[in-house]
Amino acid sequence: MAVFSTGPVLNNPVNGVRQTQQVTIKMENNDSVNSAAVLIYGYHQLNNTKTLYVLEQLSLAPKEVITRNHFVNFDVFEFVFATVGPAAENTQISVLGKSRAGVSLNTLSLVSNA
């Protein structure tokens, strides 16, 4: 099992609007034989309280790609991913921040929590 996180992402409003309104998460199983599962945990923070608001478990068949979009209109948000199964080490995850209009803003780095 591998665990990755965006770490806390500061998303303060600029002129009353948060720049990042949603994230697109792309998960890709590069194994040609084995499957994998990805657990997605999405958190937002308010007054130093971390609240879980996304909890998903997805199965990825060999060579499958799955994309998910999640709302992140919060001052601080964080996503944590756990990959499990025979193809866990061959599963790649990317997170892309987007504006309200769907324009790509930034790619969020993932760090290992191991």
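Note on segment 1-52: residues that are touching a Phe, Trp or Tyr at 6+ places or on another chain (Cβ under 6 Å) and charged (D, E, K, R) total 1.
Tell me which residues, restricted to segment 62-98, are part of a loop (DSSP other than H, G, I, E, B) and more than 16 Å from the chain's Cα centre (by Cα). 62, 63, 64, 75, 85, 86, 87, listed by residue number. Checking 49, 24 one by one, the residue that is polar (S, T, N, Q) and surrounded by 14 or more Cβ atoms within 10 Å (Cβ to Cβ) is 24 and no other.
Would segment 24-35 turn up any residue that is in a loop (DSSP other than H, G, I, E, B), closer than 24 Å to residue 63 by Cβ and either of a type in the set (A, V, I, L, M) or out of contact with any Pro (no Cβ under 7 Å at 6 or more places or on another chain) (or both)? Checking segment 24-35: at least one residue is in a loop (DSSP other than H, G, I, E, B), closer than 24 Å to residue 63 by Cβ and either of a type in the set (A, V, I, L, M) or out of contact with any Pro (no Cβ under 7 Å at 6 or more places or on another chain) (or both). Look at (1) surrounded by fewer than 16 Cβ atoms within 10 Å (Cβ to Cβ); (2) modelled with pLDDT under 95 and you find that residue 76 fails only one, number (1).
The values are calculated or read from the model by the stated rules, or taken from the named source; none is laboratory data. Given the structure is predicted, the values throughout are model-derived calculations rather than measurements. Don't worry about glycine lacking a Cβ; one is built from the backbone with ideal geometry, like all the others, and counts go over all protein chains shown.
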